[in-house]
Amino acid sequence: MGYVSKTKKSLTPSGSWSNLWKQEDYWATWLGITIVLLAILFWSIGNSFMNWTIIKIPIYSDYSTALSYIGSHKRTLLTLYLFFLILFSIAIKALSGEVKRFLMGFTFLFLLSVLVSVWGSWDVMKTYNVETPLLALVVGLIISNLLKIPYWLSTALQTQFYVKLGIVLMGASLPFTLIVQAGLTAFAQATIIAVATFLTIYWTGTRIFALDNRFAATLAAGGSICGVSASIAIGGAVKAEKQHVSIAISLVILWSIIMIFILPLAIRTLNIPPGPAGAWIGTSEFADAPGMAAAAAINEQAIKTFTLMKVVGRDMFIGIWCFIMAFTAVTRWDNRYAGTKPDALDVWVRFPKFVIGFFIASIIITFLAASPNVVTPKALNNNIINPIIELRNWAFIFTFLSIGLTSRLKELASVGWKPFAAFTAGVLVNIPLGYLLSVVIMGNYWITVK
Amino acid sequence: MNPNNDTCVQRASFIFNYYEKNKWLPGEKPPLVDIIKVKDVKPEKIRYFAEFMHTRLNRIAEMMDILLTVHDDWVITGRRDHIMMETESFDFNDALKALAIQGYCDDEFVLKVEYKRKWGIL
């Protein structure tokens, strides 16, 4: 799973300005905003470059149709490849410096993405509801669980970076007013579910399975707040053992992957409309990237409600959760390593910075849309928002393939039955409660969020 | 869990404040409390400050020596009011043990632990 870089990297001191170019959160923001501004720039000078990059593979029953479409769009694909390669290489240069290996790895990832996109447009796949995101995930899982992923490919499997970039670009398709309005509902709903799930996992872990408080809190955070990000943040805040944080992360990934398949299946079986479906995925999936895969398997509206629920309702508040947990650890639990007092500044330190990019992208487009003398809604959609959505979809396919290619299920499953059982208790609360709130109680609201 | 399957990287940061301790033992008091924003600062308060700093800085140097003896891959940053030692390749429990063996408890330093995903983890 993952890999350890062979080049010894110098450790950067904490809290320096270098975070601005050493953290993927910031790079997702820089690149996302750059793409939004480029789209506006090209449109304003009358250049149709962004529209030209749109690839929509038609649904086909005969492979020759797909092959002829790809054949006639070779230059577009090459341009898209170079566009992403140049932008990503700049970020990789700053993040790890391993640009040469990234070049090889990304080339493979891009070709595999094209292949999966073509395959996902096959009418047989549509008949069996195997959407491209799920297909990308399955292809990745098969490859990584049967073959050893070479080092050069690993450098391109930047799951977090791709999904964060996708989320920043997502901001361009959501009016800021909608984010504020729906965000409040999402926060209220997500908080109820997060608290219930957190307490279930924590109580089950400590009272039934006699797990250490800190371990149980790390597990509970992963299962309730925002997945891996929460486990590592709470694990640090309460000074959990490294092995316990590793186990919590493994469980989050394992259950996230299981949920990518279960939630869309349940949504189709129960005939849930896309809006509430996305909100349900937003409350019940454990991590951003797998949640996006599950939502993308439904439709665009589900992606939007998922993002509002997960990013605005859950991810944003990780810092506050950490502060509460650090305070609890110091005041209520045993007093080991009492050296650190909870610091309110940590709320900002732990804030997921790509969310700022998501807001900025939304604000830029909202302002543009509010200037009717400058741009009509139709022109805005056709020339700016739609091309950005297409680029975002590519970022998501890279994400879904990367999830599969980095997830070795055998390794993830070797965590011990007690933590697994405690985490599963939370899943058993999280899923039905998410359904109840997102579909039954608030379903009529989420249907209207488009 | 097999250590090869670790999914995270731990960063341990030891912060040695020059003027602060987490707990003041009986007879000890913060050295600047009788100096800063105080009218008619007495010379003995300055002497106490000098004495405190002499002891404190020596103890910080000793703690740094201990940590450097048990592990050689630290990033050490000097700041206006503290020294920070950070590592991603040595477990914080082992570092605490090494300090405790030499009689340094956690009232002498601030320990911060951060985790991050290993490369490629969701």
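The values are calculated or read from the model by the stated rules, or taken from the named source; none is laboratory data. Because the structure is predicted, anything quoted here is derived from the model rather than measured. As a convention, Cβ positions derive from the backbone with ideal geometry for all residues, glycine included, and neighbour counts pool all protein chains shown.
Looking at region B:12-31, which of the residues that are surrounded by 15 or more Cβ atoms within 10 Å (Cβ to Cβ) and aliphatic (A, V, I, L, M) is nearest to B:E62 (Cα to Cα)?
Looking at residues that are surrounded by 15 or more Cβ atoms within 10 Å (Cβ to Cβ) and aliphatic (A, V, I, L, M), I get B:I15.
Go through (1) at negative phi; (2) at pLDDT 90 or above for A:A210 and report which single condition fails.
Just one mismatch for A:A210, condition (1).
Can you tell me which residues in region B:54-68 are surrounded by fewer than 14 Cβ atoms within 10 Å (Cβ to Cβ) and under 22 Å from B:S89 (Cβ atoms)?
B:D65, B:L68
Quick check on A:I249: is it more than 12 Å from chain B (Cβ to nearest Cβ), part of a helix (DSSP H, G or I) and within 18 Å of the chain's Cα centre (by Cα)? Please lay out each step first, then the result.
On the way: more than 12 Å from chain B (Cβ to nearest Cβ): no; part of a helix (DSSP H, G or I): yes; within 18 Å of the chain's Cα centre (by Cα): yes.
Judged against the criteria, A:I249 is not a match.
Evaluate region A:311-332: report whether one residue or more is closer than 29 Å to A:T191 by Cα, at pLDDT below 85 and not in a helix (DSSP H, G or I).
Among the residues of region A:311-332, at least one is closer than 29 Å to A:T191 by Cα, at pLDDT below 85 and not in a helix (DSSP H, G or I), which makes the answer yes.
For the condition surrounded by fewer than 22 Cβ atoms within 10 Å (Cβ to Cβ), modelled with pLDDT of 90 or more and of a type outside the set (S, T, N, Q), what is the one hit in A:L165, A:L157, A:L85?
A:L85
Which residue out of A:I142, A:I179, A:I192, A:I149 is within 14 Å of chain B (Cβ to nearest Cβ) and surrounded by fewer than 24 Cβ atoms within 10 Å (Cβ to Cβ)?
On the way: A:I142 fails: within 14 Å of chain B (Cβ to nearest Cβ); A:I179 fails: within 14 Å of chain B (Cβ to nearest Cβ); A:I192 fails: within 14 Å of chain B (Cβ to nearest Cβ).
The match here is A:I149.
Just one of the numbered conditions (1) more than 14 Å from chain A (Cβ to nearest Cβ); (2) outside any helix (DSSP H, G or I); (3) of a type in the set (A, V, I, L, M, F, W, C); (4) within 16 Å of the chain's Cα centre (by Cα) is not true of B:M64; which one?
Result: B:M64 passes all but (2).
How do the pairs read when you match residues in region A:61-72 that are closer than 16 Å to A:L112 by Cα with residues anywhere that are exposed (fewer than 11 other Cβ atoms within 10 Å of the Cβ) and charged (D, E, K, R), using Cβ under 6 Å and keeping only pairs 6 or more apart or on different chains?
Close Cβ pairs satisfying both conditions: none exist.
Pick out, from region A:93-169, the helices (runs of 4 or more DSSP H) lying fully within it that include 3 or more residues that are among the aliphatic types (A, V, I, L, M).
A:99-120, A:132-146
Take the residues in region A:358-409 that are among the aromatic types (F, W, Y) and in contact (Cβ under 8 Å) with a residue 24 or more places away in the chain; name whichever of them is surrounded by the most Cβ atoms within 10 Å (Cβ to Cβ).
Step by step, filter region A:358-409, then rank; the result is A:F400.
Would you confirm whether any residue within region B:46-58 is closer than 24 Å to A:A240 by Cα, away from chain A (no Cβ under 11 Å) and either modelled with pLDDT under 95 or not in a helix (DSSP H, G or I) (or both)?
The answer is no, given that none of the residues of region B:46-58 is closer than 24 Å to A:A240 by Cα, away from chain A (no Cβ under 11 Å) and either modelled with pLDDT under 95 or not in a helix (DSSP H, G or I) (or both).
Is it the case that region A:203-211 has a residue that's of a type outside the set (D, E, K, R), surrounded by 24 or more Cβ atoms within 10 Å (Cβ to Cβ) and closer than 20 Å to A:G319 by Cα?
no
For every residue, the table says whether it meets (1) within 14 Å of chain B (Cβ to nearest Cβ); (2) outside any helix (DSSP H, G or I); (3) farther than 27 Å from A:M259 by Cβ; (4) among the hydroxyl-bearing types (S, T, Y).
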site: A:D346; (1), (2), (3), (4): yes, no, yes, no
site: A:I363; (1), (2), (3), (4): no, no, yes, no
site: A:F367; (1), (2), (3), (4): no, no, yes, no
site: A:P372; (1), (2), (3), (4): no, yes, yes, no
site: A:W394; (1), (2), (3), (4): no, no, no, no
site: A:G404; (1), (2), (3), (4): yes, no, no, no
site: A:E411; (1), (2), (3), (4): yes, no, no, no
site: A:G426; (1), (2), (3), (4): no, no, no, no
site: A:V429; (1), (2), (3), (4): no, no, no, no
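Scan region A:99-106 and tell me whether some residue there is of a type in the set (A, V, I, L, M), more than 23 Å from the chain's Cα centre (by Cα), surrounded by fewer than 23 Cβ atoms within 10 Å (Cβ to Cβ) and under 18 Å from A:L391 (Cβ atoms).
The answer is no, given that none of the residues of region A:99-106 is of a type in the set (A, V, I, L, M), more than 23 Å from the chain's Cα centre (by Cα), surrounded by fewer than 23 Cβ atoms within 10 Å (Cβ to Cβ) and under 18 Å from A:L391 (Cβ atoms).
If you scan region A:205-222, which residues turn out to be assigned to a helix (DSSP H, G or I), of a type outside the set (S, T, N, Q) and within 14 Å of chain B (Cβ to nearest Cβ)? Full working, then the answer.
In the first step, residues of region A:205-222 are kept if they are assigned to a helix (DSSP H, G or I); the result is A:205-208, A:213-222.
Keeping just the survivors that are of a type outside the set (S, T, N, Q) gives A:205, A:207-208, A:214-217, A:219-222.
Within region A:205-222, A:R214, A:F215, A:A217, A:L219, A:A221, A:G222 meet the criteria.
Collect the residues in region B:69-118 that are assigned to a loop (DSSP other than H, G, I, E, B), at the interface with another protein chain (Cβ under 8 Å from one of its Cβ atoms) and crowded, with 20+ Cβ neighbours inside 10 Å, keeping them in residue-number order.
B:F109
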